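Please read the structure below before turning to the comments.
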Amino acid sequence: MLGAIVLPGAACDSTHTPMTVAGANDERPATEPPCAAADAAREPDLIGLDANARAALDAASHRGAIVVHYRGRGCDIRLDVLPNCHAPGSYAFSPYASTGSIVAHGLPELYANLPLGASRLSSRWRGGPAFRIDTVLVGAHTLAPIATFHDEDLQGDCAGATHVVGKIYTGAFALAVGNAHALEAQPSLLVASSAQSSLDVPAVALREGNAKACEEAQEKGTLLPTCDVPLRLGLLPVFSGGCKEDGGCGDAGTGAPAAPLGPGTPSGMVHVAGGTFTMGPRTRVAIANDPMRRTVTVAPFDIDADLVTVKNYAHCVDEGRCLPPKADQPSCNYGHDGRQDHPMNCVDYGEAAKYCLARGERLPTEEEWEFAARGGAEERAYPWGNAEPAQQLCWSGITKRDGTCPVGTFAPGAFGLHDMAGNVWEWTSSVFSSDRKDAQVCRGGGWSDARALDFRGAYRDAHAPTNRDSDLGFRCAHSGP
C-alpha cells in the first residue's frame, strides 16, 4: 500500500489547491487491509510523514492560523491544509514537557496509532514487522486567543474546512523497526547509538530532532531550534450553523446542552442512555494506571449532574444518616464558612458510599464514569472535548490554587455534567485490579495535580479506601431503566 504525500502549493498562497499533508492509500488489497480499524485520531500524530510535509506545515503556521480538512476512516484518512482559508489568531510557544513510547505489534496497531503516517511507513517496511516510536515533547505552538470557530469566522477559500489547528506540539522522535521483544527491551531510542542492527539491538530507522537539546529545552522551558520538530496536532472543530459536523449541536468547550431526564430520573441527576464504547487510552501507549483498550457496553444509568457539595453532605449529617467527616486539613471544606457550595472532600470510600446509599443510590462504576465523562460513543479525550486543558476546569496549570472551586463554576461537559475533571478526584465503586484489590479506582483529576494528562476521561488512579484527601470527592449514580 502506498501513501500519497504530495505538497502542491505548499509555499504559495495564490493556489487554490489544498496542500495535502497526508493522504489516502492509492492501492487497496482485495482482502481487509490492516488499516480497516484505524480512525481519524482527535490529536493526529505527524510521525511517519515525509519531513518536507512537516516542514510545510510549520511554515504555514508562521502565516497565521492553519485551517484544514480532516476526515476519514480506515485507509482513507486525510489531512489537507487549506492555504487560502484564514482564521483569526496567531501561534505562540509555551512549554509542554512530555515523553512517550509506542510499540506497534504489526501493521494494524501501526495504523491505529499513526493513521496519517502509517501507509508511508508500511510501504517502506513490508511484511508486518513491529514498530517502536519514542517521542519527547518540549512545547506547543498554541493558537491565541483560543476560541470556538464557526464557519462564518473563516475567510477566503474555505470549502471543506473541518478544523482549525489549535496546537502544534514539537520536540523530537526516533523510530525503530524489528523484533517486538527486542524493541520493548530498549531503554530509549532517542539516544544516538553506533550499534549495528541485530535481533537484540534494533537499528533506529528514523530520527529527527536532537534529544540532548530537548532535555535542555524541557529543563529551561524554552524553544530550541534543534528540538522543534512538529510531531502532533491539536485540532479545534469548525462548527457549521452552530452545530458540529457529526450533527451534535452546542459547543463542547463552552457547555453542551444537558441530557434530558429519563423516566423516573431523580432530581439533580441526568439520564445516560448507555451504549457501547472503546474504554481506555486512544492513540498512544498506555501509561501505568491506564486500563488497556477494550470494548465495553454500559447499561442505562442516572448520574449526579454535580459533585456532592458540602451543603448536601451536611444535610445528611443533620438527618443522622451520615457521620461528620474527619476534616483535619486546611483545604478540607467541611465545617468552613463560605465553602457550602464547594465539593465535599476529605471523605473516605466508605463515607462516600454510605452517603449515596442514604439517598437510595450508589457510587458509579468506573465504566459508567468514563462513558459519561467522554460523551458516550463520542469518546472525547476530555469531558469538554479534545483540546487539552486551558480554562475549562478548576485546575488550569496557570492559576495555582490552594483548594477546590465552587461546584458548577465552569461550563458543563458531556451530558451536561459539571466538574468531571479538575476539581476533585471522584471515588468509583470499582476495584483497581485483580492484584490491587486493596485499592479503589478514582477518576477525574483534582485541583492540586501537576499534569494535564490526569484529566483525560480515560485516566484512572488508585486510592486506598481509607484515603481522605482534599482533592478527592464523589458523585452518586443510580441504575436507570
Q: State yes or no: is V441 of a type in the set (V, I, T) and under 15 Å from R475 (Cβ atoms)?
A: yes
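So that you can scan it fast, the table gives a plain yes or no per residue for (1) within 19 Å of A56 (Cβ to Cβ); (2) outside any helix (DSSP H, G or I):
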| residue | (1), (2) |
| --- | --- |
| Y70 | yes, yes |
| S98 | no, yes |
| S101 | no, yes |
| A112 | no, no |
| L116 | yes, yes |
| G139 | no, yes |
| G166 | yes, yes |
| T170 | yes, yes |
| A176 | no, yes |
**Q.** Number of the condition not met by A305 [criteria: (1) surrounded by fewer than 16 Cβ atoms within 10 Å (Cβ to Cβ); (2) modelled with pLDDT of 70 or more; (3) closer than 17 Å to E366 by Cα]
**A.** (1)
Q) Within the bounds of region 91-114, is there any residue that is more than 21 Å from L231 (Cα to Cα) and among the aromatic types (F, W, Y)? A) no
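So that you can scan it fast, the table gives a plain yes or no per residue for (1) within 16 Å of D449 (Cβ to Cβ); (2) not polar (S, T, N, Q):
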| residue | (1), (2) |
| --- | --- |
| A372 | no, yes |
| A381 | no, yes |
| G385 | no, yes |
| A390 | yes, yes |
| L393 | yes, yes |
| T404 | yes, no |
| A411 | no, yes |
| H418 | no, yes |
| N423 | yes, no |
Q) What number goes with the only condition from (1) in contact with a His (Cβ under 7 Å, 6 or more places away or on another chain); (2) surrounded by fewer than 24 Cβ atoms within 10 Å (Cβ to Cβ) that T404 does not pass? A) (2)
Q: Kindly indicate the residue of region 421-439 that is over 24 Å from the mean Cα position of the chain (by Cα) and exposed (fewer than 15 other Cβ atoms within 10 Å of the Cβ) and also modelled with the highest pLDDT among those meeting that condition.
A: D438
Q. Hey, does region 155-167 have a residue that's under 16 Å from P95 (Cβ atoms) and crowded, with 16+ Cβ neighbours inside 10 Å?
A. yes
(Q) With the structure loaded, tell me whether L110 is out of contact with any Pro (no Cβ under 7 Å at 6 or more places or on another chain), surrounded by 23 or more Cβ atoms within 10 Å (Cβ to Cβ) and more than 16 Å from D45 (Cα to Cα) or whether it fails that test. (A) no
Q: For D151, state whether it is out of contact with any Lys or Arg (no Cβ under 9 Å at 6 or more places or on another chain), modelled with pLDDT under 90 and under 30 Å from R71 (Cβ atoms).
A: yes
Q: Within region 289-296, identify whether any single residue is acidic (D, E), in contact with an Asp or Glu (Cβ under 8 Å, 6 or more places away or on another chain) and outside any helix (DSSP H, G or I), and answer yes or no.
A: no
**Q.** Residues of region 30-70 that turn out to be of a type in the set (D, E, K, R), modelled with pLDDT under 80 and within 30 Å of P383 (Cβ to Cβ), as a count
**A.** 3
Q | Pair list, Cβ < 6 Å and 6+ apart or interchain, from region 436-454 residues that are farther than 14 Å from D469 by Cα and not assigned by TED's automatic domain parsing to the domain that holds G473 to residues that are polar (S, T, N, Q) and not in a strand (DSSP E or B) | A | none
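The values are calculated or read from the model by the stated rules, or taken from the named source; none is laboratory data. Model, not experiment: these values are computed from the prediction. Note: ideal-geometry Cβ built from the backbone for every residue, glycine included; neighbour counts use all protein chains shown.
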